[in-house]
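Contents: one structure, followed by commentary.
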Amino acid sequence: MKIALSPLALALCWISLASFAPPVASAASRAAEASPATPPAPQKKSGDAAAAENSGATNPNRAKSYYHFQLGHMNEELATTTGNPALAAKAIEEYKAALKDDPDSSYLNLSLASLYANTGDIRSAVRQVEDVIARDPSNLDARRLLGRIYLRLLSEPRADHSRKQGKELLQLAIEQYEQIVILDADSMEDHLLLGRLYSMNGEIAKAEGEFRAAVKLQPDSEEAVATLALLFIEEGDPGRALNILLAVPEADRTARLQSVLGFTYTQQKDYAHAVEAYRKAVELDGEDMDAIRGLAESLYNDRQPDAALEQYKKIAEADPQDAQTLLRMAELYRQDGKFEKALEVLNKASAIVKDSVEIDFNRAVVEQALGRFDKAVSILQDLLKRTDSDSKHLESNRAIFLERLGSVYRDQTKTTQALEAYTKLLSFDEELAIRGYQLIVDLQREARDYKAALVTSREAVAKFPNDAGLKMLLAAQEADFGEADAALAKVKAMLTGDGSKDREVWMTLAQMNARLRRFGQAEKCVSKALEMSNAQDEKDYANFVAGSIYERQKEYAEAERSFRKVLDSDPRSATTLNYLGYLLADRGVRLDEALQLIRRAVELDPQNGAYLDSLGWVHFRMGKYDLAEASLHKAAERIRNDPTVHDHLGDLYLKTHRLKLAVTQWELSVDAFDHSLPGDIEPGEPAKVRKKLDAARIKLAKEERGNSN
């Protein structure tokens with residue numbers, strides 16, 4: 001979307017900077033001298049005039065002057081057509097000759113000034129116009145020409161122009177247009193232009209005054225309304241912009257006004273209304289690619305990925321060289337689990353933009369999703385080499401690459417390498433270092449190294465004592481190590497009464513209480529967080545956590561209702577699809593539906609060990625043991641220390657009469673349970689596995705004795 005123009009672009013959008021056409025004479029000047037299109041009729045001189053001319057007086061000879069003007073004008077047009085500088089020089093000579101016979105003609109002076117400006121002789125052009133203004137300060141044409149000259153200088157910054165000189169030029173332009181709007185108070189365009197110049201100069205109140213004057217002159221002018229609205233947006237006040245735009249009756253809104261309206265709604269993150277406005281803009285002007293881009297982006301933000309993709313396809317068809325659109329298409333294909341299609345589009349983008357780190361990063365993400373981990377690692381390591389610099393502005397890119405590299409290593413169960421990648425973030429700026437600590441703690445917990453996670457959390461808080469997120473992270477670790485009440489009190493003390501900040505605190509309290517099996521408190525906390533959730537993704541997360549709390553209490557109907565709310569909003573929430581599918585599969589109900597839900601989760605994230613375990617388990621429940629074994633083996637490769645995966649494999653081997661393998665898997669499951677925290681397991685689950693293991697060992701011993709006999 002290209003609605004948000006820079007102040008300079010806003011100021012110059014109506015001014016043709018390639019040429020300075022001779023000014024159209026104002027009514028006053030037409031009354032004083034003949035129009036250039038109509039030769040002035042030779043006048044019979046009075047006796048006094050003739051005598052004065054014969055005696056060398058300076059009475060104008062307009063017939064002779066007009067002759068030279070016509071020659072000058074003809075040479076100027078030829079110079080413009082052919083680009084021949086000699087013709088431009090000849091035109092200047094003729095204009096000067098014309099002025100010799102009529103030196104006070106403002107039209108001739110301004111024509112010469114325009115020609116000087118077009119040939120780059122700005123100094124002479126300015127001097128020529130200033131002479132006219134000195135003789136006639138109310139000459140509107142002269143002031144407009146001088147204003148355009150200053151705008152040209154502003155728009156063509158040169159190496160030898162200092163910031164001070166630019167400021168001086170801006171002030172000179174403002175001075176001219178201040179006079180212009182006095183001389184022609186009914187000119188909406190000049191009020192708008194002066195407003196833009198004020199905006200460039202940081203004089204926002206004055207700018208608003210000029211824009212409002214323009215709107216008052218022409219309330220139905222799309223340019224006036226749009227410019228005023230964009231000023232409010234630029235000042236961070238989209239609400240006022242919205243009021244201005246909605247004051248225009250819908251039937252009178254042009255395509256551009258609808259686009260600006262869509263852009264305004266976007267600034268307010270009201271994507272549903274943005275979609276509506278952009279759709280109307282496209283209906284009014286189907287060739288407006290900016291409106292189509294705005295519609296595509298709004299659909300994307302409004303979680304309508306399929307509709308967004310259709311719009312991006314239109315953009316790509318109209319402009320096959322638009323690499324950014326191809327990137328967005330690749331992202332949408334990836335989010336839909338269509339990874340090969342995403343790679344195909346990324347290849348097209350690569351052909352347009354060589355060595356793009358953004359395209360290569362997206363390629364690494366797709367390769368990871370396809371399980372081609374070594375290839376993903378290679379791409380990411382190359383990106384890190386290409387951005388290896390002391391430059392601070394590259395840190396955010398490098399942080400993204402390192403976080404993704406750590407993620408790939410985790411998929412490969414290479415904990416040491418993942419830790420090395422995350423640790424590098426700790427040397428970056430505060431925000432990135434905090435993210436590094438969070439990732440390290442998560443990795444350590446995943447590896448069941450809970451003491452290390454506690455130590456890291458304490459180190460992080462000591463380094464960044466004012467970061468609320470790190471303090472809550474530490475409290476969660478302390479609660480797991482038996483300091484539950486003190487940890488909960490620390491987090492609760494962080495409530496401020498500010499809903500935007502308290503929401504995260506209530507979410508943390510909900511999850512901590514759930515891990516402590518204090519489900520009543522957990523429900524109250526997540527309900528508080530839900531009340532404070534405004535964005536849809538915030539509501540979705542709160543509903544997901546609520547569903548998990550209900551599920552742990554075996555309140556399955558309530559859990560399913562919460563999960564369905566998430567899926568109604570975001571049908572591609574892989575985590576929710578998997579959780580709901582497993583909830584059904586583990587109880588052995590609606591297995592076909594469970595399979596459909598889990599399959600979709602695996603399509604969206606095919607390397608996720610938890611999703612692969614769910615897929616294997618639903619196949620097991622359906623009696624499809626070969627399919628179950630394939631998925632469960634993959635799950636075990638991804639999450640080797642997960643007790644549930646090993647338990648499921650044990651059940652599968654028992655069912656398929658491979659008792660020795662079942663014993664091995666249950667032994668692994670018991671060991672994993674022994675290294676888990678109470679909050680990570682359901683009460684009674686370890687005992688169930690031990691019971692199965694003991695029974696299997698006895699049966700295996702009997703079988704071995706029988707075989708020996």
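The values are calculated or read from the model by the stated rules, or taken from the named source; none is laboratory data. This one's a predicted model, so the numbers in the text were calculated from it and none came from an experiment. Positions of Cβ are backbone-derived with ideal geometry, glycine not excepted, and every protein chain shown enters the neighbour counts.
Report whether or not Gln438 is closer than 25 Å to Ile681 by Cα and touching an Asp or Glu at 6+ places or on another chain (Cβ under 9 Å).
The answer is no for Gln438.
Just name the residue that is surrounded by the fewest Cβ atoms within 10 Å (Cβ to Cβ) out of those in segment 661-676 that are under 45 Å from the mean Cα position of the chain (by Cα) and either closer than 8 Å to His646 by Cβ or polar (S, T, N, Q) (or both).
Checking each candidate, the answer is Ser676.
Restricting to segment 485-510, and then to whatever is among the acidic types (Asp, Glu) and loosely packed, with under 13 Cβ neighbours inside 10 Å, can you tell me which residue is nearest to Ala468 (Cα to Cα)? Let's see the steps before the verdict.
Restricting attention to segment 485-510, the residues satisfying the condition of being among the acidic types (Asp, Glu) are 485, 498, 502, 504.
If we keep only those that are loosely packed, with under 13 Cβ neighbours inside 10 Å as well, we get 485, 498.
Details: Asp485: 18, Asp498: 14 Å.
Filtering first and then ranking leaves Asp498.
Among the residues of segment 676-709 satisfying the criterion of being out of contact with any helix residue (DSSP H, G or I) (no Cβ under 9 Å at 6 or more places or on another chain) and part of a loop (DSSP other than H, G, I, E, B), which is farthest from Gln444 (Cα to Cα)?
Ranking the candidates gives Asn709 first.
Could you list, ordered by first residue, the pairs with Cβ atoms under 9 Å in which the first is in segment 437-462 and acidic (Asp, Glu) and the second is assigned to a loop (DSSP other than H, G, I, E, B) and at pLDDT below 95, at least 6 apart or interchain?
Glu446/Ile639; Glu446/Asn641
Can you pull out every residue in segment 442-455 that is part of a helix (DSSP H, G or I), hydrophobic (A, V, I, L, M, F, W, C) and more than 16 Å from Arg404 (Cα to Cα)? Show your work before the answer.
Keep residues of segment 442-455 that are part of a helix (DSSP H, G or I), which gives 442-446, 450-455.
Next, from what is left, pick out any that are hydrophobic (A, V, I, L, M, F, W, C): 443, 452-455.
Matches in segment 442-455: Ala452, Ala453, Leu454, Val455.
Looking at (1) modelled with pLDDT of 90 or more; (2) more than 19 Å from Asp131 (Cβ to Cβ), which is the only condition Leu110 fails?
Among (1) modelled with pLDDT of 90 or more; (2) more than 19 Å from Asp131 (Cβ to Cβ), Leu110 violates only (2).
Just one of the numbered conditions (1) buried (at least 16 other Cβ atoms within 10 Å of the Cβ); (2) touching a Ser or Thr at 6+ places or on another chain (Cβ under 9 Å); (3) over 22 Å from Leu677 (Cα atoms); (4) not β-branched (Val, Ile, Thr) is not true of Glu603; which one?
Of the numbered conditions (1) buried (at least 16 other Cβ atoms within 10 Å of the Cβ); (2) touching a Ser or Thr at 6+ places or on another chain (Cβ under 9 Å); (3) over 22 Å from Leu677 (Cα atoms); (4) not β-branched (Val, Ile, Thr), the odd one out for Glu603 is (2).
Give the residue, chosen from Ala364, Ala316, Ala369, that is in contact with a helix residue (DSSP H, G or I) (Cβ under 9 Å, 6 or more places away or on another chain), touching a residue at least 12 places away in the same chain (Cβ under 8 Å) and more than 22 Å from Leu604 (Cβ to Cβ). Before you say what the answer is, go through the steps one by one.
On the way: Ala364 fails: more than 22 Å from Leu604 (Cβ to Cβ); Ala369 fails: more than 22 Å from Leu604 (Cβ to Cβ).
The match here is Ala316.
Give the residues of segment 425-441 that are assigned to a helix (DSSP H, G or I) and either crowded, with 16+ Cβ neighbours inside 10 Å or in contact with a Phe, Trp or Tyr (Cβ under 6 Å, 6 or more places away or on another chain) (or both), sorted by residue number.
The answer is Leu425, Leu426, Leu432, Ala433, Ile434, Arg435, Gly436, Tyr437, Gln438, Leu439, Ile440, Val441.
For Ala291, state whether it is part of a helix (DSSP H, G or I) and surrounded by fewer than 22 Cβ atoms within 10 Å (Cβ to Cβ).
No; evaluated as a whole, the condition is false for this residue.
Have a look at Glu210, Glu223 and point out the one that is acidic (Asp, Glu) and crowded, with 24+ Cβ neighbours inside 10 Å.
Glu210
Name every residue in segment 413-424 that is touching a Phe, Trp or Tyr at 6+ places or on another chain (Cβ under 7 Å) and either buried (at least 19 other Cβ atoms within 10 Å of the Cβ) or modelled with pLDDT under 95 (or both), in order of residue number.
Of segment 413-424, the ones touching a Phe, Trp or Tyr at 6+ places or on another chain (Cβ under 7 Å) are 417-418, 421.
Result: Ala418, Ala421.
Starting from residues that are of a type in the set (S, T, N, Q) and in a helix (DSSP H, G or I), keep the ones in segment 163-194 and report whichever is farthest from Leu217 (Cα to Cα).
Ranking the candidates gives Gln165 first.
Using the structure shown, decide if Asp592 is of a type outside the set (Gly, Ala, Ser), on the phi < 0 side of the Ramachandran plot and at pLDDT below 95.
Against the criterion (of a type outside the set (Gly, Ala, Ser), on the phi < 0 side of the Ramachandran plot and at pLDDT below 95), Asp592 does not qualify.
How many residues does segment 268-288 contain that are of a type in the set (Gly, Ala, Ser), part of a helix (DSSP H, G or I) and farther than 17 Å from Ala226 by Cα?
The first filter runs over segment 268-288 and keeps only residues of a type in the set (Gly, Ala, Ser), leaving 272, 274, 277, 281, 286.
From what's left, part of a helix (DSSP H, G or I): 272, 274, 277, 281.
Among the residues that remain, those that are also farther than 17 Å from Ala226 by Cα are: 272.
Counting residues in segment 268-288 that are of a type in the set (Gly, Ala, Ser), part of a helix (DSSP H, G or I) and farther than 17 Å from Ala226 by Cα gives 1.
Restricting the search to segment 534-544, which residues are surrounded by fewer than 19 Cβ atoms within 10 Å (Cβ to Cβ) and either hydroxyl-bearing (Ser, Thr, Tyr) or closer than 19 Å to Leu577 by Cα (or both)?
The answer is Gln536, Asp537, Glu538, Lys539.
When residues of segment 463-472 are filtered for being farther than 18 Å from Phe428 by Cβ and either touching a Leu at 6+ places or on another chain (Cβ under 6 Å) or outside any loop (DSSP other than H, G, I, E, B) (or both), how many remain?
3
Just the residues that are within 22 Å of Arg564 (Cβ to Cβ) and surrounded by fewer than 20 Cβ atoms within 10 Å (Cβ to Cβ), please, taken from segment 512-522.
Within segment 512-522, just Phe519 meets the criteria.
Restricting attention to segment 592-608, report how many residues are part of a helix (DSSP H, G or I), of a type in the set (D, E, K, R) and out of contact with any Asp or Glu (no Cβ under 9 Å at 6 or more places or on another chain).
4
If we only count helices (runs of 4 or more DSSP H) wholly inside segment 310-405, which ones have 2 or more residues that are within 24 Å of Leu432 (Cβ to Cβ) and either basic (Lys, Arg) or at pLDDT 95 or above (or both)?
Answer list for segment 310-405: 323-335, 357-369, 373-386.
So Pro137 passes all but one of these: (1) modelled with pLDDT under 90; (2) farther than 21 Å from Leu153 by Cβ. Which condition number does it fail?
That leaves (1) as the condition not met.
Name the helices (runs of 4 or more DSSP H) wholly within segment 58-121 that hold at least 3 residues that are among the hydrophobic types (A, V, I, L, M, F, W, C) and more than 51 Å from the chain's Cα centre (by Cα)?
Ranges flagged: 62-82, 85-101.
Can you name the residue in segment 620-676 that is of a type in the set (Ser, Thr, Tyr) and out of contact with any Asp or Glu (no Cβ under 8 Å at 6 or more places or on another chain) and, of all such residues, is nearest to Gly371 (Cα to Cα)?
That would be Tyr625.
Just to be sure, is Phe339 touching a residue at least 24 places away in the same chain (Cβ under 8 Å), farther than 22 Å from Leu419 by Cβ and surrounded by 14 or more Cβ atoms within 10 Å (Cβ to Cβ)?
Working: touching a residue at least 24 places away in the same chain (Cβ under 8 Å): yes; farther than 22 Å from Leu419 by Cβ: yes; surrounded by 14 or more Cβ atoms within 10 Å (Cβ to Cβ): yes.
When the stated conditions are applied, Phe339 passes them.
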